[in-house]
Amino acid sequence: YTITMKSVGVIIGEYYQKLLTICDRHKIALNLDLENPSIKVFHEKALRDFLTKQIPAAVKACKGEEDARITLVQKSIEGSNMLRFSVKYSGKTLQADEKAKLQEAGYEVRARFGYDTIVSIKL
């Protein structure tokens, strides 16, 4: 019995294809910033849960906003074997209570008025 781990590119690619259609419909620019798409993901369920929650939140924040954009990001965390996955978006800034809820759930959140919102998970 072996567990086959999927790569970052395969997992994010599934979400990207669906998101492309949605973003196109709402005139939201969509970008990918994957440092290493071939790297294997150990915590696939955690990544999928994160993407399943954060992508719709990003779309909602960007709907109807001018020059809205969403970027799916994957970077290595220097000095560790962990990865940081982020959903970065322009659009409406998170309210303080929304930000606090995300932080309580273990996510890193950067949300300042006038700047992009970035919600990240370390895996």
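Some points to look at:
- Nearest 10 degrees, 0 to 90: helix 8-25 Cα axis against the chain principal axis: 20
- Angle in degrees between helix 44-62 and the longest Cα principal axis of the chain, rounded to the nearest 10: 10
- Choice from Ala61, Ala46, Ala96 with maximal GNM fluctuation in the chain (Cα, 10 Å cutoff): Ala96
- Chymotrypsin sites (Phe, Trp or Tyr not before Pro) lying in DSSP loop within segment 1-49, provided at most 10 other Cβ fall within 10 Å: Tyr1
- GNM remark for the chain: springs join alpha carbons under 10 Å apart, and the peak mean-square fluctuation among Ile28, Ile12, Ile77 falls on Ile77.
- Rounded to the nearest 20 debye, the dipole size of segment 18-123 about its Cα centre is 220 debye, using +1 on the Cβ of Lys and Arg and -1 on the Cβ of Asp and Glu.
- Applying a DSSP loop filter and a limit of 10 other Cβ atoms within 10 Å to the GluC sites (Glu not before Pro) in segment 19-123 leaves Glu66, Glu78.
- For the chain, accessible area per residue (1.4 Å probe, heavy atoms of protein chains only), Å²: 63
- FRET efficiency, 1/(1 + (r/R0)^6) with R0 22 Å, evaluated for Ser80 and Ile22 via beta carbons: 0.10
- Measuring r between the beta carbons of Ala29 and Glu104 and using R0 = 35 Å, the FRET efficiency lands at 0.70.
- Listed residues Ser86, Ser38, Ser76, most fluctuating in the chain (Gaussian network, C-alpha, under 10 Å): Ser38
- All C-alpha to C-alpha distances of the chain, sorted into 5 Å bins beginning at zero, yield P(r) values of 2, 11, 22, 24, 19, 14, 6, 2, 1, 0, 0 percent in whole numbers.
- Alpha-carbon centroid distance for the pair segment 1-76 / segment 79-114, whole angstrom: 15
- Here is how the number arises for the chain: DSSP H runs of 4 or more residues each give -39500 (n - 2.57), the sum is divided by the residue count, and the result at 222 nm is -12500 deg cm²/dmol.
- Rounded to whole Å, sorted largest first: equivalent-ellipsoid semi-axes of segment 73-123, Cα gyration tensor: 21, 13, 7
- Taking the 1.4 Å solvent-accessible surface of the chain as the whole, the part contributed by carbon and sulfur is 53%.
The values are calculated or read from the model by the stated rules, or taken from the named source; none is laboratory data. In this text, all values refer to a predicted model and were calculated from it rather than measured experimentally. FYI the Cβ positions are ideal-geometry reconstructions off the backbone, even for glycines, and counts take in every protein chain you see. All accessible areas refer to the heavy atoms of the entire protein, side chains included, with ligands and DNA or RNA removed. Shrake-Rupley method; radii C 1.70, N 1.55, O 1.52, S 1.80 Å.
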